[in-house]
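Q: Just passing along the structure, written as structure tokens.
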Amino acid sequence: MRRMKIVVMGLILVGFLGPESFGAAVVGETQTVAGGGVTVKVTYLTQTEHESQFSVVLDTHSVNLDAYDLKALSILRADTGIVLQPTAIENKGSGHHREAILTFPRPSTRRKWLELVIRDLAGEKERTFRWYR
């Protein structure tokens with residue numbers, strides 16, 4: 001019974017403070033945002049000494065995704081105020097199902113969070129995907 005109380009209190013604490021308070025890992029985490037008939041799934045793939053990479057998967061049944069240049073529509077920003085443009089993109093697929101790997105310069109290690117923002121995709125002003133350190 002005591003162990004159960006400790007587990008419940010821990011879950012309450014994480015829910016109250018948020019995972020960022022505990023240094024939750026960001027690499028490998030996938031987030032999904034749907035809107036405008038398009039579902040966007042982003043996975044923070046890797047962070048090396050010089051760059052960060054994200055997998056972006058677009059899925060729809062009604063929008064021609066070939067009309068959107070993900071490299072031009074995407075930015076990476078952090079709580080430090082930095083805003084980065086992608087340096088490279090690898091595209092796969094076309095039409096209603098696209099995948100891309102976006103590469104950005106590595107943001108500062110002193111950041112608390114970073115966001116991948118995709119603007120103006122299928123009528124949605126911004127789709128924001130945030131990861132905490």
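Q: Would you mind counting up the charge near D69? Only other residues with Cβ under 12 Å from its Cβ, with Lys and Arg at +1 and Asp and Glu at -1.
A: Spelling it out: positives minus negatives among the neighbours equals +1.
Q: Would you mind computing, in nm to one decimal, how far apart the modelled labels at H61 and E124 are, each placed 7 Å from Cα along Cα→Cβ?
A: That separation, rounded to one decimal, is 1.8 nm.
Q: For the range 24-132, would you read off the P(r) tail past 21 Å as a percentage of all alpha carbon pairs?
A: 29 percent
Q: Give, as a single signed number, the net charge of other residues whose beta carbon lies under 14 Å from the beta carbon of G95, with Lys and Arg counted +1 and Asp and Glu -1.
A: -1
Q: About the Cα centre of the range 25-133, what is the dipole size in debye to 20, counting +1 per Lys and Arg Cβ and -1 per Asp and Glu Cβ, all else neutral? Don't skip to the end; give the middle numbers.
A: Working: 14 positive and 13 negative charges, 80 e Å.
Taking the Cα centre of the range 25-133 as origin, the dipole is about 380 debye.
Q: Where does the charge balance sit around Q31 when Lys and Arg score +1, Asp and Glu -1, over other residues with C-beta under 10 Å from its C-beta?
A: With Lys, Arg at +1 and Asp, Glu at -1, the net is +2.
Readers should treat all values here as calculations from the given coordinates under stated rules, not as data from a laboratory. Only a predicted model underlies this, so the values are computations on that prediction, with no experimental measurement involved. Every residue, glycine among them, receives a Cβ derived from its backbone with ideal geometry; neighbour counts consider all protein chains shown.
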